[in-house]
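Mind having a look at this structure? Questions to follow.
Rule-based calculations on the coordinates, nothing more; no lab input. This one's a predicted model, so the numbers in the text were calculated from it and none came from an experiment. Counting neighbours? That spans all protein chains shown, and the Cβs are built from the backbone with ideal geometry, glycine included.
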Amino acid sequence: MPTLEDLASRVEHLLVRHAELQRTQHLLQQQVQELTAERDALRGRLSNARSRLDALIARVPPGAWPQAQDTAAGGEE
């Protein structure tokens, strides 16, 4: 049967471990918040870039795009 000192030592160890885990959890939560903010910012930039590309494509006159040649249907390579 463990002694009172053994139990006190184990409880102290568990308390230290608990504090370490709380600090780790706090750091991980901060990291998740930072990464979420970065992801949201990147999504915003992507949306902005798509809008600008769509606007540029809309300015290209019809027929300005080169026609793709179908080489798989018997065309020359």
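Nearest 500 deg cm²/dmol is fine: what mean residue ellipticity at 222 nm does the chain get from its DSSP H runs of n ≥ 4 alone, each adding -39,500 (n - 2.57), divided by its residue count? Don't jump to the answer; show the numbers that get you there.
On the way: 1 runs with 56 residues, N = 77.
After summing the helix terms and dividing by residue count, I get -27500 deg cm²/dmol.
Let me ask something additional. Subtract the Cα-Cα distance of Arg43 and Leu15 from 0.36 nm times their separation in residues, and report this length gain in nm to one decimal. Show your work: numbers first, answer last.
Values: separation 28, 0.36 × 28 = 10.08 nm, distance 4.16 nm.
Taking Arg43 through Leu15 to full extension adds about 5.9 nm, to one decimal.
Here's something else I'd like to know. Run the simple label-point estimate for Arg50 and Gln25 please: 7 Å along Cα→C-beta, distance reported in nm.
3.7
Which net charge results for the neighbourhood of Ala58, defined as the other residues with beta-carbon distances under 15 angstrom from its beta-carbon, given Lys and Arg at +1 and Asp and Glu at -1? Walk me through the numbers on the way to the answer.
On the way: positive: Arg50, Arg52, Arg59; negative: Asp54.
Overall, the nearby charge balance is +2.
Just checking my list [x] 1.28; [y] 1.60; [z] 1.03 against Rg/Rh (Cα atoms, Kirkwood Rh) computed from this structure; which label fits?
[y]
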